[in-house]
1. Take residue 77 and decide whether it is on the phi > 0 side of the Ramachandran plot, in contact (Cβ under 8 Å) with a residue 12 or more places away in the chain and either touching a helix residue (DSSP H, G or I) at 6+ places or on another chain (Cβ under 6 Å) or within 12 Å of the ligand (Cβ to nearest atom) (or both).
2. Looking at residue 88, is it more than 9 Å from the ligand (Cβ to nearest atom), buried (at least 17 other Cβ atoms within 10 Å of the Cβ) and assigned to a loop (DSSP other than H, G, I, E, B)?
3. Consider residue 166 against the criteria (1) at pLDDT 95 or above; (2) exposed (fewer than 14 other Cβ atoms within 10 Å of the Cβ); (3) within 21 Å of residue 49 (Cα to Cα); (4) away from the ligand (no atom under 11 Å from the Cβ): it satisfies all of them except one. Which criterion is unmet?
4. Give the stretch 181-195 a look and list any residue that's away from the ligand (no atom under 16 Å from the Cβ) and either in the same structural domain as residue 258 (by TED's automatic domain parsing) or surrounded by fewer than 17 Cβ atoms within 10 Å (Cβ to Cβ) (or both), or say none.
5. With the checklist (1) within 20 Å of residue 292 (Cβ to Cβ); (2) at pLDDT below 95 in hand, flag the one item residue 225 doesn't pass.
6. Tell me which of these residue 160 doesn't satisfy, since it passes every other one: (1) in a strand (DSSP E or B); (2) at positive phi.
7. Would you pick out the residues in the stretch 148-162 that are surrounded by fewer than 14 Cβ atoms within 10 Å (Cβ to Cβ) and in contact with a strand residue (DSSP E or B) (Cβ under 7 Å, 6 or more places away or on another chain)?
8. If we keep just the residues of the stretch 95-109 that are surrounded by fewer than 23 Cβ atoms within 10 Å (Cβ to Cβ), in contact (Cβ under 8 Å) with a residue 60 or more places away in the chain and not in a loop (DSSP other than H, G, I, E, B), which is nearest to the ligand (Cβ to nearest atom)?
Ligand SMILES: Cc1cc2nc3c(=O)[nH]c(=O)nc-3n(C[C@H](O)[C@H](O)[C@H](O)COP(=O)(O)OP(=O)(O)OC[C@H]3O[C@@H](n4cnc5c(N)ncnc54)[C@H](O)[C@@H]3O)c2cc1C
């Protein structure tokens, strides 16, 4: 493996920025984490093809990052390439009741555009600070709605196979997970929406945003819910019942506003967050016999 060779090749051929030892704290909502060996922003399809090919030739592991709103990057960083989708993947358009959106589109932008045309179906995305690609990989949503139920098609870049279209029903959608990232790099999708009354859709969105403002630690650095809800229960309820609100480790704190959020109060390390994650899991297991499964994804080691 030669990082230098990959860097030189990509810098010469990819239209977006290519950097070495890029701090990933800058690319996540947690504002935590060490550097990625390589950082590549792909503005075009040929950038994606070239990047994946070069990384394969040099045997460099890679991962795609959206807004980094569900990721905790290890303090030692990520020993591989982080791919971010740029220009051509940040476009979306509406045709009748279908939204076609690039994987780099911010969910809020797609939501604004669809609801203002009187389309319903994306309200679950109100207040989710990620991209369409991240939402597909995480099957993002609320308790009773998620993106997977709206997907008609996803266009992926599959290493070795190139552009591949999969239908929504072919994807394995689970609770806050899908098999999209294992299949490849999501580039674009079409979502099936439905006509509705603009005012009614707006009211639903406003209600959800208001609820978030009162129930979530708005304005802090975090990655949303740390744990998945166990079947039939709520992770936040269990954590709160264990008296863990406000518990701290270094700069990380179990939010006093929403106990399933661990916030970076400033200067938290990934080790602080992970330490708190373990303490919370132990406490909930000890008291309720429930094993909490993390919803946030860890990237890198050390
Ligand atoms: C304040 C706050 C509130 C939140 N509320 C919710 C909520 O209500 N519901 C909910 O579901 N989530 C919520 N989240 C979590 C998070 O916003 C979602 O999971 C979101 O969908 C992640 O999108 P992202 O672009 O940030 O993805 P990232 O965090 O960058 O990546 C997440 C995963 O997706 C993969 N990925 C990203 N893009 C692609 C792609 N193009 N192709 C293949 N794989 C890809 C990454 O490799 C990674 O494994 C919240 C987070 C915050 C900070």
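The values are calculated or read from the model by the stated rules, or taken from the named source; none is laboratory data. As the structure is a computational prediction, the values presented were derived from the model and not from experiment. Cβ placement follows ideal geometry from the backbone for every residue including glycine, while neighbour counts extend to all protein chains displayed.
1. So residue 77 fails the test.
2. Values: more than 9 Å from the ligand (Cβ to nearest atom): yes; buried (at least 17 other Cβ atoms within 10 Å of the Cβ): yes; assigned to a loop (DSSP other than H, G, I, E, B): no.
Against the criterion (more than 9 Å from the ligand (Cβ to nearest atom), buried (at least 17 other Cβ atoms within 10 Å of the Cβ) and assigned to a loop (DSSP other than H, G, I, E, B)), residue 88 does not qualify.
3. Of the numbered conditions (1) at pLDDT 95 or above; (2) exposed (fewer than 14 other Cβ atoms within 10 Å of the Cβ); (3) within 21 Å of residue 49 (Cα to Cα); (4) away from the ligand (no atom under 11 Å from the Cβ), the odd one out for residue 166 is (2).
4. At the first step, the residues of the stretch 181-195 found to be away from the ligand (no atom under 16 Å from the Cβ) are 192-195.
Of everything in the stretch 181-195, those that are away from the ligand (no atom under 16 Å from the Cβ) and either in the same structural domain as residue 258 (by TED's automatic domain parsing) or surrounded by fewer than 17 Cβ atoms within 10 Å (Cβ to Cβ) (or both) turn out to be 192, 194, 195.
5. Against the list (1) within 20 Å of residue 292 (Cβ to Cβ); (2) at pLDDT below 95, residue 225 comes up short only on (2).
6. (1)
7. Passing the criteria: only 158.
8. Pass one, the stretch 95-109, residues surrounded by fewer than 23 Cβ atoms within 10 Å (Cβ to Cβ): 95-98, 100, 106, 108-109.
Add one more test, that the residue is in contact (Cβ under 8 Å) with a residue 60 or more places away in the chain, and what stays is 97-98, 100.
Retained after the next criterion (residues that are not in a loop (DSSP other than H, G, I, E, B)): 98, 100.
Working: 98: 19, 100: 15 Å.
Checked the stretch 95-109; the qualifying residue nearest to the ligand (Cβ to nearest atom) is 100.
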